[in-house]
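Here is the structure we will look at.
The values are calculated or read from the model by the stated rules, or taken from the named source; none is laboratory data. Every value quoted in this text rests on a predicted model; they were computed, and no experiment measured them. Ideal geometry is used to build each Cβ from the backbone, glycine not excepted, and the neighbour counts take in all protein chains shown.
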Amino acid sequence: MIETIDYLNSIIWSSWLIYLCLGAGVFFSIMTRFAQVRHFREMVRLLLSGKSSDSGISSFQALAVSLSGRVGTGNIAGVAAAIGFGGPGAVFWMWVVAFFGAATAYIESTNAQIYKEVDDEGTYRGGPAYYIEKALGQKWYAWIFALSTILACGLLLPVVQSNGIGDAFVNVFGAGASVDSFLGELSMTKVYAAVGIVLLLGFIIFGGVKRIAHFTQVVVPFMALAYIIIACSMIALHIDMLPSIFMSIISDAFTPMAGFGAAIGWGVKRGVYSNEAGQGTGPHAAAAAEVDHPAQQGLVQAFSVYIDTLFVCSATAFMILITNSYNVMPEGSSTFVVQNLAADVVINGPAFTQIAVDSVLAGFGKPFIAIALFFFAFTTVLAYYFIAENNVTYINKTIKIPALRFLLKVAIMAAVFYGTVAQPSSAWGLGDIGVGLMAWLNIIAIILIFATAKPAIKALRDYERQQKDGVSKYTFDPEKLGIKNADLWKDKL
């Protein structure tokens, strides 16, 4: 199974996808005239000013749902893996993909707002499947994306998140007794964790989208803030080392200890996995927001990429590097390039981060990271369910299968259980397949949409014009801008 997963990843995550992710970010940054920099203050203002409605959630709730998808295992275990396989230079490439990826996030999220719909229950729905059908007129492509997203977010990606929780709990409590099963020999610590996670997950996802939004808007900001406070405290205690850490990251980005391909490859792969810019997950939450103008939520979603990678991922990287709590072994090699820890410390997991915090705050680090990882990963699973359900709703517009939503709930709960007890190598491999598959389909789609209609750019220019005119309330008229099939916005006028 692991050989099959590795083979599929070698195809999906070829250098072409790496270049596509970076290239799309650079291209959209230029086309938006670096909106992610020019509108930074506006992003913050919009984040705090949105209101919800009966049909949609607020900008902040949408950001929280989106961040719950972005801030997860990738921010703790993913950063550790990027350093472990690619060296400190991989962190630089994570920053690069985040900076340029913010423009990609603006484009895809604004597209989602423009082409969103209201479902039978009066709730906003949208995402790549919707804008692919309406902007490109290619329903077959939209169906491929929808089915791929249900597979990725319903089965593959939740495995990674819950696996990080299971490993973190083992690092705190030990593996405990073992039990034989059809999945092999399982740690009872992981089994207990799996049961608890599945029960909590079932309670929330059977409560609907609004319950997911209310849960994430409380949990995500609180845990992210607590995590960053701990990281800043550790950095403050070693502030004299910070310049040398920066230098090691930058120098290793171009003269990498694990090879240039490893540094840039793992930096981009884990960067996309963490901030999800271009992957096509963020637009689902963006479409659910109640805003006066599509560009507003696009800017808010662009800001979420900064929070995820430049804040949370950087916090993890600095903690690991400042305390030298890492090993570096290029993927496929059996020789350490750098070895600061025992050889049996798992690279593809949260161990580096737990050891880093524990080395400064003895007895506190491992349980704190386990708790943080639980909340980060759990809310990410909720976001995955929300995304997969959006695509089930899209499929149900054409083929009515009443049980499909229920089957999705059961499937994601089963995936979470399996992921919690599985080995890290197979879990991360499955997750990478899911991320890569969605990224290929979505980035190609938004490039084609830009080439044929440029709806997100037209929306940005319209928003900037109204901003310059000092309007008291923003409006959006798609027909005036030459944007077709934005029926919901047309009906709003």
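If the condition is being crowded, with 21+ Cβ neighbours inside 10 Å and in a loop (DSSP other than H, G, I, E, B), then the stretch 342-388 contributes 347, 348, 349, 350.
Within the stretch 193-210, being among the aliphatic types (A, V, I, L, M) and either modelled with pLDDT under 75 or surrounded by 21 or more Cβ atoms within 10 Å (Cβ to Cβ) (or both) holds for 193, 194, 197, 201, 205, 209.
Scanning the stretch 127-144 for residues that are small (Gly, Ala, Ser) and in contact with a Pro (Cβ under 7 Å, 6 or more places away or on another chain) yields 127, 135. Filtering the stretch 99-155 to residues that are more than 28 Å from residue 430 (Cβ to Cβ), over 18 Å from the mean Cα position of the chain (by Cα), at pLDDT 90 or above and among the β-branched types (Val, Ile, Thr) leaves only 114.
Candidates are the residues of the stretch 167-190 that are closer than 18 Å to residue 425 by Cα and touching a strand residue (DSSP E or B) at 6+ places or on another chain (Cβ under 8 Å); the one that is surrounded by the most Cβ atoms within 10 Å (Cβ to Cβ) is 187. Taken residue by residue, the stretch 211-224 has no member that is modelled with pLDDT of 80 or more, in a helix (DSSP H, G or I) and within 23 Å of the chain's Cα centre (by Cα). Within the stretch 392-450, the residues that satisfy the criterion of being among the aliphatic types (A, V, I, L, M) and farther than 30 Å from residue 3 by Cβ are 392, 395, 399, 401, 403, 404, 445, 446, 447, 448, 449.
Kindly check whether there is at least one residue in the stretch 132-152 that is hydroxyl-bearing (Ser, Thr, Tyr) and surrounded by fewer than 24 Cβ atoms within 10 Å (Cβ to Cβ). Steps first, answer last, please.
So the first thing to find is which residues in the stretch 132-152 are hydroxyl-bearing (Ser, Thr, Tyr), and the list is 141, 148-149.
From what is left, the residues that are surrounded by fewer than 24 Cβ atoms within 10 Å (Cβ to Cβ) are 141, 148.
Yes - at least one qualifying residue is present in the stretch 132-152.
Of everything listed in (1) closer than 17 Å to residue 283 by Cβ; (2) at pLDDT 80 or above, the single unmet condition for residue 70 is (2).
Among residues of the stretch 389-404 being surrounded by 15 or more Cβ atoms within 10 Å (Cβ to Cβ) and either within 24 Å of the chain's Cα centre (by Cα) or polar (S, T, N, Q) (or both), the one that is farthest from residue 167 (Cα to Cα) is 396. Selection of the stretch 462-482 for residues being outside any helix (DSSP H, G or I) and over 29 Å from the mean Cα position of the chain (by Cα) yields 470, 471, 472, 473, 474, 475, 477, 478, 479, 480, 481, 482.
Of the residues examined, residue 64 is one that is within 27 Å of residue 367 (Cα to Cα), among the hydrophobic types (A, V, I, L, M, F, W, C) and either modelled with pLDDT of 75 or more or surrounded by 19 or more Cβ atoms within 10 Å (Cβ to Cβ) (or both).
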